[in-house]
1. Only residues in the stretch 143-168 that are closer than 11 Å to V187 by Cβ and modelled with pLDDT of 95 or more count as the first member; pair them with residues that are of a type in the set (K, R) and assigned to a loop (DSSP other than H, G, I, E, B), Cβ under 9 angstrom, at least 6 apart or cross-chain, and list the lot.
2. Can you find even one residue in the stretch 215-222 that is under 24 Å from the mean Cα position of the chain (by Cα), over 22 Å from I318 (Cβ atoms) and of a type in the set (V, I, T)?
3. Considering the stretch 126-182 alone, what residues qualify as being assigned to a helix (DSSP H, G or I) and acidic (D, E)?
4. Out of R309, R314, which single residue is surrounded by 12 or more Cβ atoms within 10 Å (Cβ to Cβ) and either assigned to a loop (DSSP other than H, G, I, E, B) or of a type outside the set (G, A, S) (or both)?
5. Using beta carbons and a limit of 6 Å, which pairs, at least six apart or on different chains, have the first residue in the stretch 306-320 and assigned by TED's automatic domain parsing to the domain that holds L192 and the second one in a loop (DSSP other than H, G, I, E, B) and modelled with pLDDT of 95 or more?
6. In the list I80, I63, I126, which residue meets the criterion of being modelled with pLDDT of 95 or more, crowded, with 17+ Cβ neighbours inside 10 Å and assigned by TED's automatic domain parsing to the domain that holds D141?
7. Do we find a residue being outside any strand (DSSP E or B), polar (S, T, N, Q), in contact with a Cys (Cβ under 8 Å, 6 or more places away or on another chain) and over 13 Å from I126 (Cα atoms) anywhere in the stretch 60-77?
Amino acid sequence: MMKRLTKNTHFNFVWLLLLPAMVISCSNPDPVPIDFYYWKSEFSINSTEKETFEALQSNKLYIRLFDVDKLNATPEPKGIIRSFDSDVLQAEYVPVVFITNKVFQGVSHDDNKKLAADIWALVNDILSKNKHVSFDELQIDCDWTQSTKRAFFNFLEQLKGVSQKKITSTLRLHQAKDKELMGIPPVDKVYLMAYATSSPVEDSDLNSILDSNLLQNYLQTINDYPLEFDIALPLYSWGIITNHLGKKKLINGVSHQDLEGKEYRKLGAGIYEIQKDVFLRGIWLNKGFVVKVEMISPELLGETKSYLRKTIKRPYGIVYYHLDSLFTHRFSVDELK
């Protein structure tokens, strides 16, 4: 004879049915939106980059349109992307302008007013000539300092007024950690650059692009930041070149695979000595120079994203720096999700 279900038995039965769903839910957190920066002086998206963008169901491409630097005491645009095919991706294009910190040294309110008007005019000119790309957001990238924050923040307010657009900015790790000292920019949203954790020109065993321990130190109070933010994560690599005099320079895109030939002798983890004069990614290097390779591995990227998921207690998206098959081919689609 079938045993009659008691109230407790029924409760346990339902609990057992729900348990697998709960386990699946806990082991598969909600996906984080994935987008990309585009940071080249000419716009050209190849088939591999397009496939990566589509496979990750990305919606936005943050495209650097130009830089602004101070030349002969006057802010001047540099590296302008004059044209691009906006149809190559089904994307919302977000224009980005990089401005050097020295542009905001010793400037007046009127200087900022003119700078904002000039930048807005150039952004509009570029986008109006490229199939009239519509946009709602304009992002400014600047490593402002304590001495320039007042001028930079005033510029952002001027830009907001002249553009009537959503103004956002990048946020360096030290600016996030020391927010009382560095100030909170008057923007609608910030993009936290979770990389460049140390200087590449310092003699150190650390990966200056991204070191997990240093990143965690910077982000101890990130949940207290008063603005909405997304996280920018690195995919790039470089070679740090040290010459005979101890002077250093960077060569973008260098990987360990570039240094597998007989022209290079491995001295240690990621360290190589040049055995004869050679071109490395188009740069002429002399025998005896030392190359330190710094890369983002799939393991380091996964560890960083896992830490962010556990630490950040609010919704956020990821913006990879940047959409370039030179870097993205090192990761599977699942590793980038």
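The values are calculated or read from the model by the stated rules, or taken from the named source; none is laboratory data. All values reported here derive from a predicted model rather than from experimental measurement. Here Cβ is always computed from backbone atoms with ideal geometry, including for glycine, and neighbour counts include all displayed protein chains.
1. L159/K165
2. The first filter runs over the stretch 215-222 and keeps only residues under 24 Å from the mean Cα position of the chain (by Cα), leaving 215-222.
Still in the running and over 22 Å from I318 (Cβ atoms): none.
Within the stretch 215-222, none of the residues are under 24 Å from the mean Cα position of the chain (by Cα), over 22 Å from I318 (Cβ atoms) and of a type in the set (V, I, T).
3. Step one: list which residues in the stretch 126-182 are assigned to a helix (DSSP H, G or I), which gives 126-128, 149-163, 173-177, 179-182.
E157, E180 - these are the residues of the stretch 126-182 that are assigned to a helix (DSSP H, G or I) and acidic (D, E).
4. Details: R314 fails: surrounded by 12 or more Cβ atoms within 10 Å (Cβ to Cβ).
The match here is R309.
5. Matching pairs, first to second residue: G317/P33; Y320/L235.
6. Values: I80 fails: crowded, with 17+ Cβ neighbours inside 10 Å; I126 fails: modelled with pLDDT of 95 or more.
That would be I63, the only listed residue that is modelled with pLDDT of 95 or more, crowded, with 17+ Cβ neighbours inside 10 Å and assigned by TED's automatic domain parsing to the domain that holds D141.
7. Applying the first criterion (outside any strand (DSSP E or B)) to the stretch 60-77 yields 72-73.
Next cut, polar (S, T, N, Q) only: 72.
This time we only want the ones that are in contact with a Cys (Cβ under 8 Å, 6 or more places away or on another chain), so: none.
Within the stretch 60-77 (the criterion being outside any strand (DSSP E or B), polar (S, T, N, Q), in contact with a Cys (Cβ under 8 Å, 6 or more places away or on another chain) and over 13 Å from I126 (Cα atoms)), the answer is no, since none of the residues qualifies.
Here is a yes/no grid of residues against (1) under 27 Å from V32 (Cα atoms); (2) in contact (Cβ under 8 Å) with a residue 60 or more places away in the chain; (3) surrounded by fewer than 17 Cβ atoms within 10 Å (Cβ to Cβ):
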{"site": "I222", "(1), (2), (3)": "yes, yes, no"}
{"site": "Y225", "(1), (2), (3)": "yes, no, no"}
{"site": "I231", "(1), (2), (3)": "yes, yes, no"}
{"site": "H244", "(1), (2), (3)": "no, no, yes"}
{"site": "K248", "(1), (2), (3)": "no, no, yes"}
{"site": "N252", "(1), (2), (3)": "no, no, yes"}
{"site": "G268", "(1), (2), (3)": "no, no, yes"}
{"site": "Y272", "(1), (2), (3)": "no, no, no"}
{"site": "V291", "(1), (2), (3)": "no, no, no"}
